[in-house]
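The structure appears right after this line, and notes come after that.
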Amino acid sequence: MPEGKQDVETVTDDQGRFHLGLPAAGRWVVTATDPDHTFAQRSAEVNEGERAATASMYMTPLAPKTIRIDKSGGSGENSDGSMAIEVPAGALSHGIDIHLTSYSHGWNLPNDLPEASHFTYTCDLSPTEQTFEQPVTVRIRNDRGLSSRDARPRRRL
């Protein structure tokens, strides 16, 4: 969204298409959300008086298994056992329900991968924007035979 502009919302039709009337030209970021799916996000450069399109967006259904973690900590696995989370005591001030959703392909990711990137593993940890007071551990089963010595990007949750 151009700097200083407001959010604009719309709803898709039955085929997932949408039309969004924008108040100004510029680079806009379109975010698709649904409470039962991961979000998807694409950007589009919109010129004055012209139409623009985003690349296709794919939203992945959230993992059906709910992992309940309270302030005393806890752990659990997703529905197929391919991912697990361990949350230490004191990492949360209140209980939350967590979903560990696996992405099977790079095109399922909320945003596009850079061209030089190769998809390996990733997951969506819901709820989004959750803050932990201590580090948590997320484990993903290595079904691709990657060496444990290979450096992998990590993100502190």
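Hey, can you tell me all the residues within the stretch 59-75 that are buried (at least 16 other Cβ atoms within 10 Å of the Cβ) and at positive phi?
Hit for the stretch 59-75 is GLY74, nothing else.
Residues being assigned to a loop (DSSP other than H, G, I, E, B) and over 16 Å from GLY74 (Cβ atoms): count how many of those fall in the stretch 128-147.
Keep residues of the stretch 128-147 that are assigned to a loop (DSSP other than H, G, I, E, B), which gives 128-136, 141-147.
Restricting the remaining residues to those that are over 16 Å from GLY74 (Cβ atoms) gives 128-129, 131, 141-147.
Selection size over the stretch 128-147: 10.
Pick out the one residue from PRO110, PRO88 that is more than 21 Å from the chain's Cα centre (by Cα) and surrounded by 15 or more Cβ atoms within 10 Å (Cβ to Cβ).
Numbers: PRO110 fails: more than 21 Å from the chain's Cα centre (by Cα).
Among PRO110, PRO88, only PRO88 is more than 21 Å from the chain's Cα centre (by Cα) and surrounded by 15 or more Cβ atoms within 10 Å (Cβ to Cβ).
When LEU125 is evaluated against the numbered criteria (1) within 25 Å of VAL29 (Cβ to Cβ); (2) assigned to a loop (DSSP other than H, G, I, E, B), which criterion, by number, is the only one it fails?
So LEU125 meets the others, but not (2).
Of all strands (runs of 3 or more DSSP E) completely enclosed by the stretch 23-94, which ones contain at least 1 residues that are out of contact with any His (no Cβ under 7 Å at 6 or more places or on another chain) and either β-branched (Val, Ile, Thr) or in contact (Cβ under 8 Å) with a residue 40 or more places away in the chain (or both)? Before you say what the answer is, go through the steps one by one.
Details: elements: 26-32, 40-46, 67-69, 74-77, 83-87.
By residue number, 26-32, 40-46, 67-69, 83-87.
Based on what the data block shows, is PHE119 among the aromatic types (Phe, Trp, Tyr), part of a loop (DSSP other than H, G, I, E, B) and farther than 30 Å from ARG27 by Cβ?
Values: among the aromatic types (Phe, Trp, Tyr): yes; part of a loop (DSSP other than H, G, I, E, B): yes; farther than 30 Å from ARG27 by Cβ: no.
No.
Values in this text are rule-based calculations from the coordinates and carry no lab data. Treat the numbers as computed from the prediction; the structure is a model and nothing was measured. Heads up, the Cβs are rebuilt from the backbone with ideal geometry, glycines too, and the neighbour counts pull from every protein chain shown.
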